[in-house]
Amino acid sequence: MKLHPAWRTALPALVLALTAVLLLQGSTIAAMASIWWHFETYTHGLLVGPIALYMVWVRWPELAHLQPRVAPWGVAVLAVLSLAWLVADAAEVAVVRHFAVVLSIPAVVYTLLGPQVTWAMAFPLGFLLFAVPVGEALIPPLQQVTAWFTVEGLRLTGIPVWWEGLYLSIPAGHFEVAEACSGLRYLMASVALGVLYAYLTYRSPWRRLAFVVLSMVMPIVANGIRAYGIVMIAHLSEMKYATGVDHLIYGWLFFGLVVLLMFWIGSFWREPEANLAAAAGSGEQAGGDDPSHAVSPVPADIQTLSYGLWVLAVILATAVGPLLAWPMQRDIDVRLPMPALTAPMAMAPWQGPEVDTDDWEPRFSGADVVLRSRYRLEGRNVHLYIAYYREQRPEAKLVSSQNSLYDRRIWRPTGEHASSAWLPQATHLTDGQRRRLVWSGYWEGGRVVRSPYAAKLWEAWDRLSGARRGSALVAVAADYDQHPDEAQAVLQRFMAAMQAGIAATLMRAGGEQQP
């Protein structure tokens with residue numbers, strides 16, 4: 001194996017730079033590792049790093065004869081990623097923090113080894129993205145898909161079934177499509193495995209893409225069939241089997257069979273060995289010594305000094321975010337007093353506030369104060385809900401995939417659109433008997449926004465600027481019999497009378513002065 005002389009300096013520089021980057025972002029990496037270890041959905045993340053390293057090791061004979069070259073633009077990419085990490089840290093967006101750290105690894109490789117070597121390592125570096133714990137937002141739609149598969153299967157089988165939201169009832173018993181039944185863990189593991197298999201097995205990009213698509217579709221369909229099978233087993237055994245431990249055993253055994261089936265289907269479009277050998281041979285030839293890349297030798301001491309300076313530049317660019325976040329973290333460690341949040345008094349002709357005992361209650365975990373009140377006018381009720389956050393914390397975030405405007409076990413959405421009202425989001429719900437219109441919005445330091453992304457950006461701005469003005473989810477709801485216009489008219493009258501009072505309550509809680 002021929003080793004290009006530049007590797008003698010470039011490789012130690014790369015190891016030193018990567019070690020420094022990982023230490024600087026140690027808290028984020030530790031948070032990712034904790035998720036891999038404690039959450040079954042992301043357990044595959046424990047294997048991503050070793051697999052990527054192994055693939056680099058296997059390709060080392062090809063990499064060794066390439067000439068590493070410094071790519072100065074990589075430092076700018078690292079600085080941008082570090083600032084993205086800073087904004088995500090201020091807004092408590094863990095997934096962006098994780099992506100920023102993982103993408104820093106190929107950015108370091110690109111900076112110190114150059115585009116040619118980075119391209120030769122493209123797949124192992126890209127495979128690292130599977131280490132990011134992402135996909136929680138897919139749980140609700142996957143739950144709905146699983147419920148649909150189960151219901152349709154039962155109907156085709158001739159078993160009567162009642163379906164409402166995530167609840168299923170058959171003569172033998174009742175079932176809930178819980179989050180663990182969504183199949184997300186199967187989907188994530190299947191896609192990661194499918195991408196790896198496609199890369200190692202095929203050379204044609206279309207064959208690779210076809211297998212990756214298969215690895216996405218099969219676990220979703222298979223999980224629906226699995227859920228149907230569990231309900232059928234429970235029905236035939238009079239609820240004796242397919243629950244508890246049996247439920248999990250059937251799940252993982254079934255997934256193993258699905259993976260084997262996926263590989264079997266993929267074997268039908270496997271390329272002939274001759275094509276694979278030709279592709280491998282052409283790759284080795286393409287990676288051979290290129291006279292056009294020949295350069296005059298650089299003295300070892302000058303090359304070492306140059307790489308030392310670039311390693312320092314890499315470390316400084318990566319450190320921008322953590323250094324700017326440090327004083328911000330010290331400010332957050334100083335706990336603020338609990339906000340005083342009281343329901344605004346009703347303005348005539350409305351009556352209230354009254355204690356709200358309705359079963360509709362948005363789920364916003366970790367809120368410092370939750371306010372629920374009911375107001376009345378001419379026999380019509382309006383429900384007011386406010387979840388107030390004095391500051392964003394990892395365990396208490398206004399915008400989170402775990403938060404919801406309704407309990408998914410009871411309520412089912414029938415429509416969603418933008419509203420022209422002060423609260424810009426309109427959501428239609430039903431529990432099978434009642435129909436409800438909900439207006440909602442994110443309150444961010446005096447602003448009301450509909451988009452969760454806009455809310456996150458305002459949170460980041462407030463935290464970086466030191467404003468600390470608090471944030472909240474504000475929602476009002478009213479029922480209707482036939483047409484949503486009935487509830488819309490009631491909510492319009494309510495907001496015309498109460499909008500100023502609600503805003504004043506939120507501004508006082510955040511320590512702001514009214515204009």
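Read-outs: derived from the displayed coordinates by stated rules, not from any lab. Predicted model only: the values in this text are computed from it and were never measured. Note that each Cβ is placed from the backbone with ideal geometry, even for glycine, and that neighbours are counted across all protein chains shown.
Remarks
- Once the convex hull of all Cα atoms in the stretch 26-77 is built, its volume per residue stands at 114 Å³.
- Inter-part distance where the stretch 54-85 and the stretch 98-161 are each reduced to a Cα centre, Å: 23
- In the chain, the sites counted are GluC sites (Glu not before Pro) in DSSP loop states with at most 13 other Cβ atoms within 10 Å, and the longest stretch holding none of them, exclusive of the sites, is 1-237.
- A simple spin-label model places the labels of ALA137 and GLU354 4.0 nm from each other, with each point 7 Å out along Cα-to-Cβ.
- Its alpha carbons considered, the stretch 394-475 gives a radius of gyration followed by a Dmax of 14.1, 47 Å.
- Volume of the Cα convex hull of the stretch 351-509, divided per residue and given in Å³: 112
- The chain: angle of helix 26-38 to the longest principal axis, Cα-based, in degrees nearest 10: 70
- Evaluated over the Cα positions of the stretch 91-182, the convex hull gives a direction-averaged projected area, one quarter of its surface, of 9.3 nm².
- Once divided by 2.2 N^0.38 Å, the Cα radius of gyration of the stretch 330-439 becomes 1.21.
- Computed from the C-beta positions of TRP162 and GLU395, the FRET efficiency with R₀ = 35 Å rounds to 0.40.
- Over the chain, the alpha carbon radius of gyration divided by the compact-protein estimate 2.2 N^0.38 Å works out to 1.20.
- Spin-label model distance (nm) - THR43 vs LYS2, 7 Å beyond Cα toward Cβ: 4.7
- Spin-label model, ARG434/SER465: points 7 Å from Cα along the beta carbon direction are separated by 3.9 nm.
- In the chain, the longest principal axis of the Cα atoms and the axis of helix 73-91 are about 20 degrees apart.
- Normalising the average separation of contacting C-alpha pairs (under 8 angstrom, six or more residues apart) by the number of residues puts the relative contact order of the chain at 14 percent.
- FRET E, pair TRP326, MET347, Förster distance 35 Å, beta-carbon r, rounded to 0.05: 0.15
- For the stretch 351-509, relative contact order (Cα pairs under 8 Å, six or more residues apart, normalised by length) works out to 21 percent.
- Segment LEU209..LEU257, full-extension length gain: 15.1 nm, with 0.36 nm per residue of separation and the alpha-carbon distance subtracted.
- Per-residue [θ]222 nm for the chain (sum of -39500 (n - 2.57) over DSSP H runs n ≥ 4, rounded to 500): -18500 deg cm²/dmol
- One chain, two ends: GLN402 and GLN482. Fully extended at 0.36 nm per residue, the span grows by 25.7 nm beyond their Cα-Cα distance.
- Extension gain from ILE265 to ALA180, taking 0.36 nm per residue of separation minus the Cα-Cα distance: 27.9 nm
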